[in-house]
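Participant: Got a structure for you, written out below as structure tokens; questions coming shortly.
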Amino acid sequence: MGQDIGTPLHVALEPHDHGETSTMVGAAIHNGRVVGRIGRAGDLEVVSETSEQGLPSDFVGRREEVASLQSGVDAALEGRSSFFLITGEAGIGKSRLVEVAMTYAKALDVRVVSARCWEAVDSPSYWPWIQVLRELIAELDDSQLRSLDVDSKEIVRLVPQLGKRLGFDQLPSADAVGDRFLLFDSIASLIRAAAARLPLMVVLEDLHAADESSLLLLQFLVGQDRNRGLMVVGTYDDVVGGEKAHHEQTLSETIRQGHHLALRGLDYDAVKQLYEGSAGMDPSDEMTRAVYDASEGNPFFVKETVRMLTRKGELFRPDYSIGFRVPEGARGVIRQRIAAVDEGVAELLSVASVLGREFDLTLLQKVTEIDVDPLLEILTQACAADLVRETSALGRYAFSHILIRETLYEDLKAAKRMRLHRTVAETLEEPFAASQDSNRFELAHHWFKAAQAGDPVMAMNHAIDAADHAMSQHAYEEAVRLYQRALKVSGAAGASVEILERIRRGLAMAQSPLNHSDPVTAGHPASSGTFICEGDFWTIGYSGLEIRLKDSKGVQYIAELLKLPGQEVHVLSLVGLVEGHDLHVDVPGAQEDLGSWGLGDAGVVLDAAAKTAYKNRLEDLREELEEAQGFNDPERAARAQG
Ligand SMILES: Nc1ncnc2c1ncn2[C@@H]1O[C@H](COP(=O)(O)OP(=O)(O)O)[C@@H](O)[C@H]1O
Ligand SMILES: [Mg+2]
């Protein structure tokens, strides 16, 4: 970049004025893009190694999307607000695109706060927002905090540290329906106030892994017309997230307030450029074509393939176009990469995959019982192989891509996976872990995943505990999900009548605000549809009707039952009704259309939104049934899956 800082630079002085907090008095602009900034002392700081458009030299394609995001940053500097949602499959380049936008924003002294949802593990409700709030609050001193026109008491629900700083010892009561509006409004006010001090870019990564309340809060925030200088950017994997009807619905409403950047595969030229850059050589057209076709332009896949070829020394084979075959799918390439590292590294990473996309060194150490030094040694090797990376939080690591975590996790045998979940759960119960407030959700998650091979009582109790907590934060959807989970395992846990009653009461309380029509004080109508397994009975609520079914064997039964609303029917009397269908729930192509589930006539009485919600419920149900079957004979289930 050094050679570029010459005559073509245009220096814009005082391009914006944001009060005392700004240290930048000018920007160095090259070809219309910021490449450096000029501080008060007249010092020039180069923003990054950049090519044209101020982009990193190893960044390919995506010019329109970059321009769109940059205009969002420019708008924030002028006091306007915007929302961007970047969607696309895993590895398509959502995070990389956001990174480019963040670099641009930082160069212009826009304050950037970024948060990532936890993929693959239950996280605390509002987790992405908790991270954002913590960061914003940490920047304010107590008097600044007090001077904000914000109801801080509400925010204490999510950030207890704030309560300590401001001397509140009690949370406001949690049951009033309207409270969620207060909570959302307080958070929105705080973020708005921060953006008024300095233009602010809030990045929420991996929203497909967010809880529903977080998405509703997002919708609330970006729907405000009082925002000034606030840019919100979210990323969302619509392949994974597409199964969640609620999420899609909330986001599609939110996106009306903003811009949708739907990322598809890179084009041929961009793939070629990426290949060239990663391999450090000019690939042949046959080779590029082979990689382009196999990857469908997914940059993660392209880079992994090049890495594999490099490792095998096949990059330079003169005849590679003849014998070369790209392994099937990104997972195939990842498996090869994992196979290439030491067995000890691969084994450790398998265990780590149970902890989620991100994991804690201390927890991993306790779970594996490997001493810290050898453990660090293994992790160093894993980092060198770029399978994991250190995160900005001390002692915390993350798989360098979710696909690596997924591949490792899916390749674990089911019985081993459950045992590991159990070990993790037991470890999290130990005193060292007790102080962390996110633990109750992780505990609920691991005990539940371990339930078949573990302790259903623990799974039930932790689900109740996490549900109660979600309730205290007005995260009604989460609470519903967790109470339902508690019910799901209650049979296996041999729950007493009192406990069942307590769970049902909790569930009813969590559901009641959701029947409200306001999206903030409420959730979605779909949430009030219920498929609940209580001991030997399924309760199916739909369209205001309730059906109770004893021992469900398959969704076809439910389809039949939908035609008999309000009646209690024993499963045996249904057999005659369901003809010509495979009764097993494991219907191939389950994601396709309702017809393949044998829904028959029931399909046509549902409108599109209800269908999606219903389909979703069927997915849940399938999972529940599989689990329920397992509970009848846990050992057999473990054996069968192992
Ligand atoms: N436009 C791009 N140019 C160069 N490399 C890219 C580009 N987009 C993505 N990559 C690389 O591909 C990999 C996957 O991208 P990432 O942004 O993590 O995907 P996602 O967030 O959609 O899962 C990363 O190594 C990233 O650096
Ligand atoms: Mg990503």
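Since every read-out is calculated from the coordinates, none of them should be taken as a lab result. Fair warning: this is a prediction, and the values are worked out from it, not measured in the lab. Positions of Cβ are generated from backbone atoms using ideal geometry, with glycine treated the same way; all protein chains shown enter the neighbour counts.
Participant: How charged is the neighbourhood of R80? Take every other residue with its Cβ under 15 Å from the Cβ of R80, and add Lys/Arg as +1 and Asp/Glu as -1.
Facilitator: With Lys, Arg at +1 and Asp, Glu at -1, the net is 0.
Participant: Sticking with this one: Apply the a/c threshold of 1.5 to the C-alpha gyration tensor of region 341-412 and tell me whether it is rounded, prolate or oblate.
Facilitator: Cα axes put region 341-412 in the rounded bin.
Participant: So for each of 270-277, 481-488, 494-501 I average, over its residues, the number of other beta carbons within 10 Å; can you give me the resulting order with the highest mean first?
Facilitator: By packing density, highest mean first, the sequence is 481-488, 270-277, 494-501.
Participant: Return the Rg/Rh ratio of region 184-318 with Cα-based radii and a Kirkwood Rh.
Facilitator: 1.16
Participant: Can you compute the charge dipole magnitude of region 74-189 about its Cα centre, using +1 on each Lys and Arg Cβ and -1 on each Asp and Glu Cβ, nothing else charged? Give it in debye, rounded to the nearest 20.
Facilitator: Value, rounded to 20: 200 debye.
Participant: With unit charges on the beta carbon (Lys/Arg positive, Asp/Glu negative), name the residue among Y126, S147, V113 whose Cα is farthest towards the positive pole of the charge dipole of region 102-152.
Facilitator: Of the listed residues, the answer is V113.
Participant: Sticking with this structure for a sec: List the pairs from K94/K416; K244/K413; K366/K413; K272/K312; K416/K488; K244/K449 whose alpha-carbon separation is above 28 Å, in the order I gave them.
Facilitator: K94/K416
Participant: State the extension gain, in nm to one decimal, for the chain segment bounded by R335 and E501, taking 0.36 nm per residue of separation less the distance between their alpha-carbons.
Facilitator: 55.0 nm
Participant: Going highest first, how would you order 95-103, 440-448 by mean Cβ packing within 10 Å?
Facilitator: In decreasing order of mean packing, 95-103, 440-448 become 440-448, 95-103.
Participant: With charges only on Cβ, +1 for K and R and -1 for D and E, what is the dipole size of region 341-412 about its Cα centre, in debye, rounded to 20?
Facilitator: Taking the Cα centre of region 341-412 as origin, the dipole is about 340 debye.
Participant: Could you size up the charge dipole of region 61-262 around its Cα centre, putting +1 on the beta carbon of Lys and Arg and -1 on that of Asp and Glu, and report it in debye to the nearest 20?
Facilitator: Result for region 61-262 is approximately 580 debye, rounded to the nearest 20.
Participant: What FRET efficiency comes out for the pair M281/T380, r = Cβ-Cβ distance, R0 = 25 Å, nearest 0.05?
Facilitator: Calculated value: 0.30.
Participant: Hey, another quick one. Taking every pair of alpha-carbon atoms in region 440-493, what share in percent sits in each 5 Å bin, from 0 to the bin with the longest distance?
Facilitator: Distribution as computed: 5, 27, 33, 22, 10, 3, 0 percent.
Participant: Work out how far the C-alpha atoms of region 61-262 reach from end to end along every principal axis, then list the three figures in whole Å, largest first.
Facilitator: That works out to 52, 38, 27 Å along the principal axes.
Participant: Report the full-extension gain for the segment D411 to D141: residue separation times 0.36 nm, less the Cα-Cα distance, to one decimal in nm.
Facilitator: Full extension from D411 to D141 adds 92.3 nm.
Participant: Tell me, what ³J(HN,Hα) does each residue in region 471-482 have, in order and in whole Hz, if you take phi through Karplus 6.51 cos²θ - 1.76 cosθ + 1.60 with θ = phi - 60° and put x for Gly and Pro?
Facilitator: Here the 3J(HN,Hα) series is 4, 5, 9, 6, 8, 4, 4, 4, 4, 4, 4, 6 Hz.
Participant: Follow-up. For region 106-169, just list the percent of Cα-Cα distances falling in each 10 Å bin from zero outward, please.
Facilitator: Here the calculated profile for region 106-169 is 19, 45, 28, 8, 0.
Participant: Along region 92-109, what does the Karplus equation 6.51 cos²θ - 1.76 cosθ + 1.60 (θ = phi - 60°) give for ³J(HN,Hα), rounded to whole Hz, x for Gly and Pro?
Facilitator: Computed from phi, the couplings for region 92-109 are 6, x, 5, 5, 5, 5, 4, 4, 4, 5, 5, 4, 4, 5, 4, 4, 9, 6 Hz.
Participant: Which one of A101, S186, V232 is farthest out on the positive end of the charge dipole of region 94-234, using unit charges on Cβ (Lys, Arg +1; Asp, Glu -1) and the Cα centre as origin?
Facilitator: Comparing the listed Cα positions along the dipole, A101 ranks first.
Participant: OK, next. Under 5 Å between amide H atoms, partner at least 5 residues away or on a different chain: which partners does V388 have, H built in plane at 1.01 Å?
Facilitator: Amide H to amide H, under 5 Å and 5 or more residues apart or across chains, V388 pairs with C383, S400.
Participant: Something else about it: Ranked from highest to lowest mean number of other Cβ atoms within 10 Å per residue, what is the order of the peptides 384-393, 469-478?
Facilitator: My ranking of the peptides, most packed first, is 469-478, 384-393.
Participant: How much net charge surrounds T427 when only the other residues with a Cβ under 12 Å from the Cβ of T427 are counted, with Lys and Arg +1 and Asp and Glu -1?
Facilitator: After counting each charged neighbour, the total is -4.
Participant: Considering the alpha-carbon set of region 365-492 alone, what are its Rg and its Dmax in angstrom?
Facilitator: 16.4, 47
Participant: Can you pull the one-decimal nm distance between simple spin-label points at R389 and D371, each 7 Å off the Cα toward Cβ?
Facilitator: 3.2
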